[in-house]
Each structure stands twice: as structure tokens, then as C-alpha cells.
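Worksheet for the structure shown next.
The values are calculated or read from the model by the stated rules, or taken from the named source; none is laboratory data. Since we're looking at a predicted model, the values are computed, not measured. Cβ sites come from the backbone with ideal geometry, for glycine too, and all protein chains shown count toward neighbours.
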Amino acid sequence: MTSMAAKPGIDTGRPHPARVYDFLLGGKDHYEVDRELGEKIPEFMRLAAHENRAFMRRATTWTAQRGVTQFLDIGTGIPTEPNLHQVAQGVHPAARVVYADNDPVIMRHAEALLVGTPEGATRYIEADIREPGVILEQAREHLDFERPITLSLIAIMHFVVDAYDPYGVVRTLVDALPPGSHLALTHVCLDGFAEAGEELNETYTSAIEAQSRSYADIQRFFDGLDLVEPGLVATPRWRKDAPVPPGGERHPTYAGLALKR
Ligand SMILES: C[S@@+](CC[C@H](N)C(=O)[O-])C[C@H]1O[C@@H](n2cnc3c(N)ncnc32)[C@H](O)[C@@H]1O
């Protein structure tokens, strides 16, 4: 796999989550430093990256089919087709999508994120989820907060370690949404992974600030919301008949979708 040539304004000296994730997904928008870390990540996390994308597609389609036409996706990542706006606009050509990410490398790809249907609208905000007020202020310029919105936090909250009040961040975002909105969230959980999990934790978090959480702690992100069936489950099991993996149900990421009443 070839890595990108260094671009001004982008820190190529240390790995970044979006670029390591791109490597795991088999993309080509990463640097040597991202590839070096990505190569140390076990196969189960590589599969989990693909499963996260698949959950994003299923959850987006599910809420769009129930009438949601507005989407706020924070922690967008480097574009990987189909992107969220393509899925949403596949159901509602006039769907409006706001993307937000704090990695400047994504801005270089904004074109891929901003080309949607002529009837719909897609916007990109460079911002940090740890400042949810800033994201909400900018999102309000493009989305109508009087009508339901699907908030997607797919594989991002494990990058918001406890010191940054992750539950407060999600509460601020969810509080701003009107009834009929949804929260779609996936999160890393290495509880059942014993040594492999510890090794991954050490390898990854020595380079990138991140935190695995327990099932119960992931469930807390949905406090005050109604989890839709089948609840918080191993990501490939959310509304899909994935086979039980060898060794049982343990899975490195969990996924849930909840309704705000
Ligand atoms: C693992 S990728 C997930 C991408 C996409 N949501 C998906 O599931 O395919 C995590 C993304 O979150 C972004 N991210 C990490 N910390 C962030 C923060 N504090 N604020 C905004 N974005 C952040 C990274 O730049 C990266 O693009």
C-alpha cells in the first residue's frame, strides 16, 4: 500500500485516527506513520472497521425510512463510499447532511463529502466534538432543529477520554435535538479480549489518545433515550443476521440506535 505525500498543515509525525482507520478499511489516504500503527492492529479490529461502516449504512437507512431527512455525523472520517449522505439521499434525495471532524486531513476530501443530490445539501464543519456548542452553532446554519435529526457518533466516542466529559458532550448534543430524533452510536469495547485487547490498548493508546469502555459504560450514552430493537449489541448483529463468531458473542465494538421521545 502506498502512503500519501506529505501536505502542508497536516501533522505526518504522529498517527491520526482517521488515517489509521482509512488504512484498516483498505484506503490509500494515510501516511507511513499511520500505516506503521495500522499494521500492528489485529485482524479483528480491521473487520470491526468494516462492520462500523456497514452499521452506519443500516442505521442511516433505518431512520431515513422512518422519515428522518436531516443528519449530523460527527467523526466523519476520510470518505469511503458509500458515504452517509449518499445513503441518506438514496432514500430521500432532498436529505440534508452536516459532517464534522477535527482532523484537517478530512478537509482535503471535502469535495467527496459535499457532492450530493441537487435537491439535498451536504456541509462540512471542521470542529472538535469536545466543544459540542461550536458544532451545534454551525450545524444550526444548515439543519432545522425543529425537525428530527439523526445524530451519528460512529466510532468516535472512544477518542473522547473521561477527562473530557464524554457523557456531558453527548448530553449537550442530544438535548439540542427535537423529539423524533435518533442517536446512532458505536464504541470500542475490549472487555472480552484479554491479552489481545490489552496489547491493542497499549499499542494504540501509546500513539493516539483513546479509551475502550465496558458494555455498561457504553449503554450510559443512551441514558434518557429509547433504544430501538435489538438494543445495544455487537455491531454486526444490529438488524443483521451475522453468524456467531468462533469463541462466542464477544465483539470489539457495540452499536445501538435510540429514539428521543
Ligand atoms: C474511527 S474514525 C470513524 C469514521 C466514521 N465515523 C466511520 O465509522 O466510518 C473516527 C473519526 O473521529 C474523528 N475524531 C476523533 N476525535 C475527534 C474529536 N475530538 N472531534 C471530532 N472528530 C474526532 C477522527 O478524526 C476520525 O475521522
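List the number of the failed condition for residue 21; all other conditions in (1) without any contact (Cβ under 8 Å) to a residue 60 or more places away in the chain; (2) within 13 Å of the ligand (Cβ to nearest atom) hold.
For residue 21, the failing item is (1).
From the residues in the range 88-113 that are surrounded by fewer than 20 Cβ atoms within 10 Å (Cβ to Cβ) and of a type in the set (A, V, I, L, M, F, W, C), which one is farthest from the ligand (Cβ to nearest atom)?
94
Can you name every one of the strands (runs of 3 or more DSSP E) wholly within the range 114-224 that holds 3 or more residues which are in contact (Cβ under 8 Å) with a residue 60 or more places away in the chain and of a type outside the set (Gly, Ala, Ser)? Break it down into steps so the answer makes sense when it comes.
Numbers: elements: 121-126, 150-154, 182-188.
Fully inside the range 114-224 and qualifying: 150-154, 182-188.
Among the listed residues 173, 200, 177, 190, which satisfies the condition of being under 16 Å from residue 235 (Cα atoms) and surrounded by 15 or more Cβ atoms within 10 Å (Cβ to Cβ)?
190
Return the pairs, sorted by first residue and then second, in which the second residue is within 13 Å of the ligand (Cβ to nearest atom) and of a type in the set (Phe, Trp, Tyr), the first residue lies in the range 90-103 and is over 15 Å from residue 145 (Cα atoms), the beta carbons are less than 7 Å apart, and the residues are 6+ apart or on different chains.
99/124
Restricted to the range 98-144, and to residues that are among the basic types (Lys, Arg) and more than 13 Å from residue 72 (Cα to Cα), which residue is modelled with the highest pLDDT?
Filtering the range 98-144 down to residues among the basic types (Lys, Arg) leaves 108, 123, 130, 140.
Keeping just the survivors that are more than 13 Å from residue 72 (Cα to Cα) gives 108, 130.
Details: 108: 81, 130: 98.
Filtering first and then ranking leaves 130.
Would you please name the residue that is farthest from the ligand (Cβ to nearest atom), looking only at residues in the range 129-143 that are surrounded by fewer than 17 Cβ atoms within 10 Å (Cβ to Cβ) and under 19 Å from residue 159 (Cα atoms)?
133
Select from the range 52-87 the residues that are more than 10 Å from the ligand (Cβ to nearest atom), aromatic (Phe, Trp, Tyr) and crowded, with 24+ Cβ neighbours inside 10 Å and list them in ascending order.
Once the filter is applied, which keeps residues that are more than 10 Å from the ligand (Cβ to nearest atom), aromatic (Phe, Trp, Tyr) and crowded, with 24+ Cβ neighbours inside 10 Å, the range 52-87 yields only 71.
How many residues, within the range 137-190, are of a type in the set (S, T, N, Q) and within 14 Å of residue 257 (Cα to Cα)? Write out each step before concluding.
Here is the first cut: in the range 137-190, the residues of a type in the set (S, T, N, Q) are 138, 150, 152, 172, 181, 186.
Among the residues that remain, those that are also within 14 Å of residue 257 (Cα to Cα) are: 150, 152, 181, 186.
The total comes to 4.
Being in contact with a helix residue (DSSP H, G or I) (Cβ under 6 Å, 6 or more places away or on another chain) and farther than 22 Å from residue 152 by Cα is the filter here; which residues of the range 21-41 pass it?
Across the range 21-41, the qualifying residues are 29, 30, 34, 35, 37, 38, 40.
Kindly provide the set of residues from the range 114-125 that are crowded, with 16+ Cβ neighbours inside 10 Å and within 20 Å of residue 137 (Cα to Cα), ordered by number. Don't jump to the end; show me each part of the working.
From the range 114-125, those crowded, with 16+ Cβ neighbours inside 10 Å are 116-117, 120-125; that's our starting set.
121, 122, 123, 124, 125, listed by residue number.
What's the number of the only condition in (1) at pLDDT 95 or above; (2) touching a Ser or Thr at 6+ places or on another chain (Cβ under 7 Å); (3) under 14 Å from residue 253 (Cβ atoms) that residue 51 fails to meet?
All conditions pass for residue 51, except number (1).
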